[in-house]
Amino acid sequence: MLPKAQNTVVLKHGVLHLVLRDGTANWQINYKSQSTKKWIRKSSGTDDLDQAKELAEDFAADVRSAERRGMPVLSKKFKAVAELVRKELEEKIVLGTSKRIYKDYVQAIDKYLIPILGSYNIDGITPQVVMEFEAKRIQIAGRKLKHSTHHTHELALNRIFDFAIEKGYLSKKDKPKVKNTGESGEARGFFTHEELIGFVEFLKKWSEQSFYEKTRALRELLVLYVLFVANTGARPGTELRELKWRHIEFIKTNNMRVIHIHLPQGKVGARTLIARNELWLVLEKLRSLHTEFAKLTLDQLVEAKHDAYVFRMRDGDRPYSFVSVFAKGIRQAKMLTNGRDKHQRSLYSLRHYYATQRILEGYTYEELESQMGTSAEMMRDHYNHMKPLMIAEKLAGGSASTDAEYIKYMDPSRANMMSLIAAGTGIYLPLPEQNPDATRELEQELLSNISKKS
């Protein structure tokens, strides 16, 4: 609240005041809204006290009337409200208390919302204005925006409108409705677990077939790159391009060591993730490509915080991108599509594979939000079609069988991932090394059965 002016005339204590501040000629009306419990300040436009009193009483009566009818108690430009919301978002981003999508909100506010809607009063955005907004943002982008971009704009707009309602600039009944008319994002082809194993097995053989050593080295590195993305869900491209060994650490928890990876750059800036334990074998294979690390164990290499890039070929060179070699490999394998639809597979299909596998294992969107670097809202919108698969047994009317009781000991998700890793690295671990606890449980089960029979 502003400090009390030297010249203050109280018309109704705690509700309606007239103030004359230093450096101003006209009286200012200060009225406390009964609906928002906030002070509204408006210039009377006159230096005559008696006239200012009349104007203040009229203003207070208009505000009370508007409040009774559910109308906004004062008007604000959309730009002013949007800038307040943006400031709030930016403060949370700096403090590290924001959701990842907040950066997208800020970008939408600056690039589309303020340039198009900024000059309108927040309570003057009519259905016709919304229709014009649809057309104008296409002009700014130079194309029709995707469904996901529209969804981000819708969320940012609703945040601004809700803030305006809270402050009394907009009534609930007049809150504009924005329809998502964006085009659905181009669906990418996906891999089932078996298809990805088949593709990795092909890449392994393909990497040995080229006449040129450089090509063989690039294809060899591609196999490990594919396994890395499938095991972490990292974004192919910028998130992995600058990854160095010093960005990887092994952290001891209560029950195990985990692979903690700091991704130095990417779509949402730097972020961290936890890799599946099977990635140990991929990292070991990446280490073994370089003679400079021959005398170092994987632990020693990671502990040394070595500044070398992770994805380098045997001669030390780094590929500019894996996009072309992946595209050639997927075509050579005749697996560009899955044969059931026309959606083409790309490197991002590996990230999609990671997400679908974790969702099928029962992870929530909120649990995957930090790991994937994507908001739970966006993942829910993208993967909601998988719900029937997650409860497939219930929908089929089935129940757990005796076989299923034995299968649970094998930790299917881990056994499946090990089969994928083995296809690419040639390293196969027996069950005792994959899952010691499961091994002990199986041994106890077998001993129990033998005791019963004897």
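The values are calculated or read from the model by the stated rules, or taken from the named source; none is laboratory data. Owing to the predicted nature of the structure, the values given are computational and were not obtained by experimental measurement. Here Cβ is always computed from backbone atoms with ideal geometry, including for glycine, and neighbour counts include all displayed protein chains. All accessible areas refer to the heavy atoms of the entire protein, side chains included, with ligands and DNA or RNA removed. Shrake-Rupley method; radii C 1.70, N 1.55, O 1.52, S 1.80 Å.
Listing for the model above:
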{"quantity": "Extension reserve of the V10-D110 stretch, reckoned as 0.36 nm per residue once the Cα distance is removed", "calculated": "31.8 nm"}
{"quantity": "Probe 1.4 Å - accessible area at H150, Å² to nearest ten", "calculated": "10"}
{"quantity": "Mean Cβ count within 10 Å, highest first, over the residues of peptides 155-161, 96-102", "calculated": "155-161, 96-102"}
{"quantity": "Dimensionless Rg/Rh of the range 264-373 - Kirkwood Rh, Rg from C-alpha atoms", "calculated": "1.01"}
{"quantity": "FRET E, pair K252, K42, Förster distance 56 Å, beta-carbon r, rounded to 0.05", "calculated": "0.35"}
{"quantity": "Listed residue pairs exceeding 25 Å between alpha carbons, taken from K214/K342; K37/K173; K37/K87; K111/K342; K99/K146; K87/K111", "calculated": "K214/K342; K111/K342"}
{"quantity": "Cut-off 12 Å between beta-carbons: net charge of the residues surrounding I165, Lys and Arg +1, Asp and Glu -1", "calculated": "+2"}
{"quantity": "Whole-Å semi-axes of the ellipsoid equivalent to the range 48-163 (Cα gyration tensor, √5λ, descending)", "calculated": "33, 19, 12"}
{"quantity": "Qualifying GluC sites (Glu not before Pro) in the range 209-309, DSSP loop, other Cβ atoms within 10 Å at most 16", "calculated": "E242"}
{"quantity": "Relative pair counts by distance (%), Cα atoms of the range 229-298, 5 Å bins", "calculated": "3, 15, 25, 26, 18, 10, 3, 0"}
{"quantity": "Calculated P(r) tail over 22 Å for the range 178-301, as whole % of Cα pairs", "calculated": "49"}
{"quantity": "Qualifying chymotrypsin sites (Phe, Trp or Tyr not before Pro) for the range 194-270 [loop in DSSP, other Cβ within 10 Å: at most 14]", "calculated": "F211, Y212"}
{"quantity": "Flagged links, alpha-carbon separation over 21 Å, of K205/K285; K144/K172; K42/K167; K12/K32; K136/K172", "calculated": "K144/K172; K136/K172"}
